[in-house]
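Notes to accompany the following structure.
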Amino acid sequence: MANLQLSVAVGNYDRCRPLFDGEVQIDGVAPVFMKLSPEEIFFRAFRNAEFDICELSLSSSTLKISENNFPYVCIPVFLSRMFRHSAVYVRKDRIKCPQDLKNKKVGLPEYQLTANVWVRAFLNDDFGVAPEDITWVRGGISEPDRTEKIALDLPKNIRLENAPPGKTISALLAEGEIDGFVAPRAPAVRREDFKDIGWLFDDPQEAATDYYRKSKIFPIMHVVGVRRELAERHAWLPNALFKAFSASKDLAISRLEEMSASKITMPFVDERLQKDRALMGEDFWPYGVDKNKHVLEAFFAAHHAQGLSKRVVAVEEMFEEGMLESFRI
């Protein structure tokens, strides 16, 4: 029987490159890879379910599951994880600490973006700044008039307004019309031209390290989804994907350890790898449900508390049933 020819839309990450290069095969699948930006993948996936297999926003997936209207089933492959203390920019001439954001205006590209859910969660939990304490201004980072890819029905105490037509949130921050900016990308301004724009946390890595020590949470941004009808028709497919993506990630990490020549264009790679393992353990980027259950449950609780999902989604609702346990030798 011929392998299934399936479209696979994911970012161009080192942890996927062994799949792209054919070093790691997906059992039973002849993949057609499309290396696209997250914004393009998510827009096309959540508007039209265009891909057979794709990277998905954790927040958008949670929202659609809570509405019982999700065309994909997820596998616990977390292609993107990131501490988001570096995602918060402010006018340093008026914002000195997180609590100064109360009763201020903060721009964001979409209220429901996963990065923004995590930021609002730590602002609330660690600094007492609740989502309703801020006026959120929605707009594009570098292109104006951006809207939510998924329609939202937020509680009345959440103040969300649109940026003026033709204005980006980057421009509003530069002009001082808003006080802060939260997004997965940096503001589209020349920061050397705007000395008053900077990170909320002077040392985001130190802030994120303290956060991890307290919570043991390495925030998940993206999961992998397979079209529901395919998973139902081919019960073996979700496990085949999990196996292949896991092998690809393991191979990418093993290559970071080969220090005869650095595999990425950065200094101190080996030193950074050792520090990360000292903080987070050998398996610092785990896939699978068991090792990530506390992270997922924290996210689902925050997602609901911020008015995005109408109920707290359970971990078992997100992932294909066969992903909740695995064989052992």
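Cβ-Cβ contacts under 6 Å between residues 6 or more apart (or on different chains), taken from a first residue in the range 1-23 that is of a type in the set (Val, Ile, Thr) to a second residue that is in a strand (DSSP E or B) and open to solvent by 40 Å² or more (accessible area, probe 1.4 Å), are listed as 8/31; 8/33.
Among the candidates 209, 147, the residue that is of a type in the set (Val, Ile, Thr) and open to solvent by 50 Å² or more (accessible area, probe 1.4 Å) is uniquely 147. Need pairs with beta-carbon distance below 6 Å; first residue in a strand (DSSP E or B) and within the range 78-104, second surrounded by fewer than 20 Cβ atoms within 10 Å (Cβ to Cβ); sequence gap 6+ or separate chains. These pairs meet every condition: 91/196. Residue 136: surrounded by 15 or more Cβ atoms within 10 Å (Cβ to Cβ), modelled with pLDDT of 95 or more, out of contact with any Gly (no Cβ under 9 Å at 6 or more places or on another chain) and not aliphatic (A, V, I, L, M), yes or no? The answer is no for residue 136. Only one entry of 51, 43, 33 meets the criterion of being under 18 Å from residue 227 (Cβ atoms) and either part of a loop (DSSP other than H, G, I, E, B) or in contact with an Asp or Glu (Cβ under 9 Å, 6 or more places away or on another chain) (or both), and that entry is 51.
Looking at the range 221-241, is at least one residue touching a helix residue (DSSP H, G or I) at 6+ places or on another chain (Cβ under 8 Å), assigned to a loop (DSSP other than H, G, I, E, B) and either closer than 18 Å to residue 284 by Cα or open to solvent by 90 Å² or more (accessible area, probe 1.4 Å) (or both)? Among the residues of the range 221-241, not one is touching a helix residue (DSSP H, G or I) at 6+ places or on another chain (Cβ under 8 Å), assigned to a loop (DSSP other than H, G, I, E, B) and either closer than 18 Å to residue 284 by Cα or open to solvent by 90 Å² or more (accessible area, probe 1.4 Å) (or both), which makes the answer no.
Scan the range 262-292 for residues that are among the charged types (D, E, K, R) and either closer than 15 Å to residue 81 by Cβ or open to solvent by less than 50 Å² (accessible area, probe 1.4 Å) (or both) and report the count.
Selection size over the range 262-292: 4.
The values are calculated or read from the model by the stated rules, or taken from the named source; none is laboratory data. As the structure is a computational prediction, the values presented were derived from the model and not from experiment. Glycine gets a Cβ as well: all are built from the backbone with ideal geometry, and neighbour counts include every protein chain shown. Surface accessibility is based on the protein's heavy atoms, side chains included, excluding ligands, DNA and RNA. Shrake-Rupley method; radii C 1.70, N 1.55, O 1.52, S 1.80 Å.
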